[in-house]
Amino acid sequence: MENVLECSNLTKKYITKTALDDLNFSLPKGAIIGLLGPNGSGKTTLLKLAAGLLKPSSGEIKVCGLRPSAISKDYVAYQPDKVYLNDWMNVNNLMDMMCDFYSNFNRDKALDMLANLNINPKDKLKTMSKGTKEKVQLIITMSREVPLYLLDEPIGGVDPAARDYILNTIISNYKEDSTVVLSTHLISDIESVLNHIIFLKNGRIVRQGDVDDIRESTGKSIDALFREEFRC
């Protein structure tokens with residue numbers, strides 16, 4: 001299958017708000033995709049639908065040809081925009097839990113990335129800074145070997161040096177036939193690694209496509225187009 005994520009007339013409504021409004025798109029495998037838009041544009045809702053944490057109000061979403069379910073979760077590694085780790089755990093406890101839940105969790109890969117950061121697997125999470133916890137969380141996510149990674153604001157709230165580490169970790173730890181979806185509003189920091197983009201505005205797609213094609217047709221960077229569209 002060439003497309004790892006497909007949406008057809010996808011709509012998600014909450015009581016007083018339509019978060020996603022009739023989305024139609026497909027995402028190719030083997031790409032790093034920017035899901036771009038300001039806060040409140042529907043990015044997190046879309047990622048949660050793909051991860052199987054929410055159900056559509058109408059329309060359809062498929063991951064690797066499957067509707068989100070207990071089975072499709074084996075194909076998706078999702079990282080929310082907040083640290084979800086339990087402070088009482090140490091990193092070894094966390095990796096034990098991941099091994100129990102996911103047969104595709106690669107502990108050796110996680111240990112290599114931890115060693116590169118001089119993080120001791122015996123260290124408790126409650127002793128770590130917020131930035132270090134975010135790095136541990138990313139390592140855990142990227143140590144699953146799956147076709148689709150969904151990362152919600154992975155560089156939000158971290159310093160520029162940490163952003164470089166996070167992007168390098170993402171780029172160097174996914175397979176070429178996997179797809180990474182990065183949700184962010186910090187376009188200039190990630191533009192150089194993107195192959196494909198989706199601009200979301202008020203729950204609707206206002207621009208999507210191959211990054212090189214868009215740059216060539218408009219003569220502008222993705223960051224410049226984003227600033228134009230959202231008047232940043």
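Every number here is computed from the coordinates shown, using simple stated rules; none is lab data. Computed from a predicted model, the values in this text were never measured in an experiment. Every residue, glycine as well, gets a Cβ built from its backbone with ideal geometry; the counts of neighbours run over all protein chains shown.
So here's what we get for this one:
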{"quantity": "Helical mean residue ellipticity (222 nm; -39500 (n - 2.57) per DSSP H run of 4+; nearest 500) of the chain", "calculated": "-9500 deg cm²/dmol"}
{"quantity": "Fluctuation leader among 143, 178, 129 - the chain, Gaussian network, Cα springs under 10 angstrom", "calculated": "129"}
{"quantity": "For the stretch 183-197, 3J(HN,Hα) per residue [Karplus equation, 6.51 cos²θ - 1.76 cosθ + 1.60, θ = phi - 60°, Hz, x = Gly/Pro]", "calculated": "8, 6, 10, 9, 5, 4, 6, 10, 4, 5, 9, 7, 9, 8, 9"}
{"quantity": "Computed Kirkwood radius, in angstrom, where 1/r is averaged over Cα pairs of the stretch 1-156", "calculated": "16.8"}
{"quantity": "Overall form of the stretch 53-144 per C-alpha gyration tensor (a/c, 1.5; a/b vs b/c)", "calculated": "prolate"}
{"quantity": "The stretch 101-232: Rg to Rh, with Rh as the Kirkwood radius over Cα pairs", "calculated": "1.01"}
{"quantity": "Neighbour cut-off at most 16 other Cβ (10 Å), DSSP loop, trypsin sites (Lys or Arg not before Pro), the stretch 30-102", "calculated": "82"}
{"quantity": "Amide N proximity, the stretch 18-43 versus residue 231 label position 7 Å along Cα-to-Cβ, cut-off under 16 Å", "calculated": "38-39"}
{"quantity": "Global form of the stretch 182-232, assessed from the alpha-carbon gyration tensor, a/c cut-off 1.5", "calculated": "rounded"}
{"quantity": "Square roots of 5 times each gyration tensor eigenvalue, C-alpha, the stretch 13-95, largest first, Å", "calculated": "25, 17, 14"}
{"quantity": "Neighbour cut-off at most 12 other Cβ (10 Å), DSSP loop, trypsin sites (Lys or Arg not before Pro), the stretch 113-176", "calculated": "122, 175"}
{"quantity": "Globularity index of the stretch 143-188, i.e. its alpha-carbon radius of gyration over 2.2 N^0.38 Å", "calculated": "1.15"}
{"quantity": "Sites residue 202 and residue 3, calculated FRET efficiency, Cβ-Cβ separation with R0 30 Å, nearest 0.05", "calculated": "0.75"}
{"quantity": "The stretch 131-202: GluC sites (Glu not before Pro) in DSSP coil with no more than 14 other Cβ atoms inside 10 Å", "calculated": "176"}
{"quantity": "Subset of 82/133; 43/220; 109/133; 62/109; 17/55 violating a 20 Å alpha-carbon distance limit", "calculated": "43/220; 62/109"}
{"quantity": "The chain, dipole about Cα centre (Lys/Arg Cβ +1, Asp/Glu Cβ -1), debye to the nearest 20", "calculated": "840"}
